[in-house]
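Asks: Quick one: the structure is below, and I'll ask about it shortly.
Values in this text are rule-based calculations from the coordinates and carry no lab data. Just so we're clear, the structure is a prediction, and the values are computed from it rather than from any experiment. With ideal geometry, Cβ positions are generated from the backbone for all residues, glycine too; neighbour counts draw on all protein chains shown.
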Amino acid sequence: MDEHLPYSAPVVSQDSLHYVAYGSKGAVHSLKVRAHHLQTNQRGEGWVSAGSYLIPHRGLELAPNATLVMPELEPKQYRSEVFLIAQDGSKAEATIAVNQPLVFKEWYIYQLDYDHEKGRWSDTSVFELVRDPWLPVVYCGLIMMLLGALALFIVPQFSPQTKEE
């Protein structure tokens with residue numbers, strides 16, 4: 001790898017294509033690489049990119065049946081910055097990520113999905129809102145079951161004695 005640009009766009013000149021830094025929506029990861037195909041002994045040098053919803057992917061052809069490509073990038077995480085206003089006027093501002101919900105007035109707000117086509121440039125989020133008013137009762141039941149199981153081991157058991165005559 002000769003050069004790595006995490007936010008770039010292609011620029012086409014009369015005789016070549018190269019990538020330049022581009023910080024706007026739709027920018028792509030790009031790598032300038034030098035590769036050697038061992039079977040055909042052909043060498044290649046050029047740019048590869050995974051592409052985005054705006055810019056197509058780019059591969060480097062090494063032989064008629066061999067092309068070096070960059071796989072689509074998968075997100076390590078996705079998150080949304082939200083601002084909530086309830087009917088009673090109370091407010092909350094937070095960043096919601098996968099498995100890091102926002103708890104607001106007995107509601108758990110989870111980040112569920114995003115626009116996969118736009119990838120890191122997505123401006124759409126899907127949330128799941130969960131409210132479970134019976135959760136304290138369930139926890140109380142679980143604690144009672146655990147205490148009962150523990151009592152079986154601690155409290156001595158009495159067996160009825162038979163009277164002999």
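Asks: Using modelled backbone amide H atoms (1.01 Å from N, in-plane), which distant-in-sequence or interchain residues come within less than 5 Å of TYR78's amide H?
Replies: VAL98
Asks: Please give the helix 135-154 orientation as an angle from the longest Cα principal axis of the chain, in degrees from 0 to 90, rounded to the nearest 10.
Replies: That works out to roughly 60 degrees.
Asks: Another question, if that's okay. Local charge sum around LYS25 (other residues, Cβ-Cβ under 11 Å, Lys/Arg +1, Asp/Glu -1)?
Replies: +1
Asks: For LYS91, give me every one of the lysines with a C-alpha distance below 17 angstrom, ignoring sequence neighbours fewer than eight places off in its own chain.
Replies: Filter leaves LYS105.
Asks: I need MET70, MET144 ordered by Cβ neighbour count within 10 Å, fewest first.
Replies: Fewest-to-most Cβ neighbours within 10 Å comes out as MET144, MET70.
Asks: Roughly speaking, what is the stretch gain from LEU112 to GLN14, that is 0.36 nm per residue apart minus the C-alpha to C-alpha distance, in nm to one decimal?
Replies: Stretched fully, the LEU112-GLN14 segment lengthens by 30.7 nm.
Asks: Right, here's the next one. Which order do SER49, SER125 fall in if you start with the one that has the fewest other Cβ atoms within 10 Å?
Replies: By the 10 Å Cβ count, ascending, the order reads SER125, SER49.
Asks: At 7 Å along the Cα-to-beta-carbon direction for both SER159 and LEU147, put a label point, then send me their distance in nm to one decimal.
Replies: 3.0
Asks: For the chain, what is the charge dipole size about the Cα centre, in debye to the nearest 20, if Lys and Arg each add +1 at the Cβ and Asp and Glu each add -1 at the Cβ?
Replies: With only Lys, Arg, Asp and Glu charged at Cβ, the dipole is about 340 debye.
Asks: A further question follows. 7 Å from Cα along Cα→Cβ at both ASN41 and VAL138: what's the point-to-point distance in nm?
Replies: Distance between the two pseudo-spin positions: 6.8 nm.
Asks: I've got another one for you. Taking neighbour Cβ counts within 10 Å as the exposure measure, how do ARG58, ARG34 sort from fewest upward?
Replies: ARG34, ARG58
Asks: I've got another one for you. Projected onto the charge dipole of the chain (+1 at Lys/Arg Cβ, -1 at Asp/Glu Cβ, origin at the Cα centre), which of PHE158, GLY89, SER24 gives the Cα projection farthest towards the positive end?
Replies: SER24
Asks: Residues in region 118-155, backbone N under 20 Å from the label point at SER90 (7 Å along the Cα-to-beta-carbon vector): list them, ranges by number please.
Replies: It comes to 128-137, nothing else.
Asks: For region 100-164, build the charge dipole from Cβ charges (+1 Lys, Arg; -1 Asp, Glu) around the Cα centre, then report which of PHE127, ALA149, VAL137 sits farthest towards its positive end.
Replies: ALA149
Asks: Run through every distinct alpha carbon pair of the chain and return the Kirkwood hydrodynamic radius in angstroms, one decimal place.
Replies: By the Kirkwood definition, the hydrodynamic radius is 21.9 Å.
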